[in-house]
Amino acid sequence: MVIQDLVARTPSSRRRELDLLRAAAISAVVLGHWLIVTVERTSDGQLTGFSALPALPEAHALTWLFQVMPVFFLVGGAANAISWTNRRTRGGTATSWLLDRSARLFPPVTVFLLVVAGCAAVARLLGVPLDAVAQAVALVVLPLWFLVVYLAVTALTPLTHRLHERHGLGVPAVLVAGVAVGDVLRLATGNELAAAASFAFGWIAIHQVGYAWHDGTLRLGTRQAVTLVVVGLGTLLLLTGPGPYPVSMVTVSGAAIQNSSPPSLALLALAATQLGLVALVARRSRRWLARPRPWTLVVAVNTVVVTVYLWHLVAALVGAYALDTLGLLPPSDPGTVEWWLGRVPWLVALAAILAVLVVLLVPVETRAAARRSPAGAVGGRRARAAAGLAASLARTGPVVGAYAAAVAGLLWLTVAGDTGGLRGPLAIPAGALVLVLGSAVVLRFGRAGAPLRSAPEPSR
């Protein structure tokens, strides 16, 4: 019923291809993660998981198909530009816009972290070794790194969009130059931290290009799009062939340089290639998406997209233990025929488990999406009871502070997972949990107290 209502209320002006591309990007990320995760039982009887990529150098080029985060940032840039300009023309503030854009995300993240922390606590009480619990938690919180970057880039939209309106494509050009400087420094020193600023430069640059693609500053007809694909792919081949960059577009332990963390010039070349492909797909998909069945499918996927992204590695963890219990765990020797054949039942099992998780958890996401309009956030006696607190929290300072604290908490969790810092009774830093969960409460009350709009904001 929710999906049919959304389909029926879709305005003719909506850029439906953005929804298609978002759904396709998240689906590719999920499939890519599931493909490379390999699980085996060690000599001491413990299950352990690892990435198959270090043992599959011949398959590193396949990451060019599955590293689609640039597509998500391109789409995010276009969508944020549409949403922000609509809000601004109606007299809305950056604070109310930021509250609205984050409304769908934080409730599912809150539930995700509470469940992960609760399961970790139960596992410790049952005597599961801390190292095993920490490894499991590190796996399932891995997707949070993307949320850290995307939330930060989204928060900067009012500022970066103003820069786009003044300087156009000059902004991403400067940012790409910053990435180039970072690459020179880390290649010269061998220290990845020398390019730490590229985390901001690279992803903001792609987001800025999304602005330009949306408003026509970057004109991409068929000829221009094909040219961009050819030039981008050619540059990528040069940078990863005779050039100093690895072929893999995702992190591979032991590589001299990583392309995605932080973004490198090679990843930006891939982004340019994907932009050309995205422009070609967008032009040809609009008529198809005007049909009821394809659009209903796209709406259905986007309705659960946050839940799918957050929980897809939980599905991998549950699937590993379930298949091991049943004696059906696939072979763990990457690259063998048996390993490749074992990917099929592995993917089927994980898809089934994720489907169950989505059915159980997607109401959190759909209710959060329904609250995105501040005018409909709360009502009646509940609204009157919360009015005083909400009005104070809706001011810029508390909202910006809570948003920043939430991003900092998610970053803390991500760094802890990468560095083996997941310790303590929950195998999760308590301070990080407090930051994220407390900030989510503040933002929820902030939405309740945000000023009502005189008319509903049109959909993208």
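The values are calculated or read from the model by the stated rules, or taken from the named source; none is laboratory data. The model shown is predicted, which means the values in this text are computed figures rather than measured ones. FYI the Cβ positions are ideal-geometry reconstructions off the backbone, even for glycines, and counts take in every protein chain you see. To get the accessible areas, we keep the full protein, side chains included, count just its heavy atoms, and leave off ligands, DNA and RNA. Shrake-Rupley method; radii C 1.70, N 1.55, O 1.52, S 1.80 Å.
Miscellaneous remarks
- Stretched out straight at 0.36 nm per residue, the stretch from A290 to A55 would grow longer than its current Cα-Cα span by 80.2 nm.
- Carbon plus sulfur fraction of accessible area for the chain, probe 1.4 Å, in percent: 68
- Solvent-accessible ranking of S253, S83, S332, largest area first, probe 1.4 Å: S253, S332, S83
- In sequence order, calculated HN-Hα J values of the range 20-35 (Karplus, 6.51, -1.76, 1.60; Hz; x Gly/Pro): 4, 5, 4, 4, 5, 5, 5, 4, 5, 4, 4, 4, x, 4, 5, 5
- Surface exposure of the range 1-124, expressed per residue as accessible area with a 1.4 Å probe, stands at 40 Å².
- In this view, the solvent-accessible surface of T222, computed with a 1.4 Å probe and all protein chains in place, comes to about 50 Å².
- Between the entries (1) 27, 59, 13, 0; (2) 23, 58, 19, 0; (3) 21, 39, 25, 12, 3, 0, the label attached to P(r) over Cα pairs in 20 Å bins from 0, in percent calculated for this structure is (2).
- Relative to the Cα centre, the charge distribution of the range 79-193, modelled as +1 at Lys and Arg Cβ and -1 at Asp and Glu Cβ, gives a dipole magnitude of about 520 debye.
- When the helices of the chain are scored as -39500 (n - 2.57) per DSSP H run of n ≥ 4 and the total is divided over every residue, the value at 222 nm lands at -23500 deg cm²/dmol.
- Sites matching trypsin sites (Lys or Arg not before Pro) across the range 1-100 that sit in DSSP coil, with at most 12 neighbouring C-beta atoms within 10 Å: R9
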